[in-house]
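Data first, discussion second: the structure below is written as structure tokens.
The values are calculated or read from the model by the stated rules, or taken from the named source; none is laboratory data. Here the structure is a predicted model, which means the values were calculated and not measured. Because the Cβ atoms are built from the backbone with ideal geometry, glycine has one as well, and the counts that use them run over all protein chains shown. In case anyone asks, the SASA skips ligands and DNA or RNA and just uses the protein heavy atoms, side chains included. Shrake-Rupley method; radii C 1.70, N 1.55, O 1.52, S 1.80 Å.
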Amino acid sequence: MSLILFRVLFFCLVPVGIFILVKTIRMLKGIFAGEVIAEIPFTQQEVLFEITRPGVYAIWQKGQLFRKTPVDKFQLKLNKIASGEAISLPQSFFRPYINGFDTGRMEMNRFSAESGQYRLTVVEGTSVSVFEKLAFNLFPAKPVDYSQYFIQVRESRPIYYMIAAIPLFTLAGFCMIGGMVAGFIAPDILAGLGIQTAGNLQYLLRMNCC
């Protein structure tokens, strides 16, 4: 095989890495920017909404940046209206968040749901641990304006999407950077592997002469 062909193969890793990167970003977009199913100000306390597609959904809090939220002072209850069945709302393990210019969002809970109508209710209590509550109390910030503090229900993706994104980002970076570098130093790589090509021999002869 010629040196040029090896260079082409190495450089082909770059578009492969870009393809993996784009796919991974689109995969994560479903977690951070899923369609809003329902949104209520904290003062409303209750909202009815309909889920048309079975799947994974998440509950987010949205409020002003650098303000203390009342997340340690309330709990959320979710019920299916037709049967009254209570839907479990486990806390988000990774607590993904996204910030804008003056507002931010953080995922609090996620749940799986079938098609149907649901009621989300804000009740007194707390769903955070003692350590989280202590951290909230120590946070030096003004309380958030409740009229600017919202609870959202959004479409989401299974948690393994986020877990899989870490090695995929690593693989994408390796392909893009590694492919570019390997393409330029292909003669050295082939020589180290003991692969001889016509182009590689010419390169080595020039290097030895110098």
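Looking only at residues that are touching a Gly at 6+ places or on another chain (Cβ under 6 Å) and surrounded by fewer than 16 Cβ atoms within 10 Å (Cβ to Cβ) in the range 57-81, which one is farthest from Asp102 (Cα to Cα)?
Gln75
If I filter the range 106-121 down to residues being crowded, with 16+ Cβ neighbours inside 10 Å and either over 16 Å from Gln91 (Cβ atoms) or of a type outside the set (A, V, I, L, M) (or both), which single residue comes out as modelled with the highest pLDDT?
Only one residue tops the list, namely Tyr118.
Hey, could you check the range 162-187 for residues that are at pLDDT below 85 and open to solvent by less than 80 Å² (accessible area, probe 1.4 Å) and say which is nearest to Met27 (Cα to Cα)?
Top of the filtered list is Met162.
For the range 122-136, what are the residues that are under 17 Å from Ile40 (Cβ atoms) and either at pLDDT 90 or above or surrounded by 13 or more Cβ atoms within 10 Å (Cβ to Cβ) (or both)?
Result: Val122, single match.
Does the range 100-110 contain any residue that is touching a residue at least 60 places away in the same chain (Cβ under 8 Å) and among the hydrophobic types (A, V, I, L, M, F, W, C)?
Among the residues of the range 100-110, not one is touching a residue at least 60 places away in the same chain (Cβ under 8 Å) and among the hydrophobic types (A, V, I, L, M, F, W, C), which makes the answer no.
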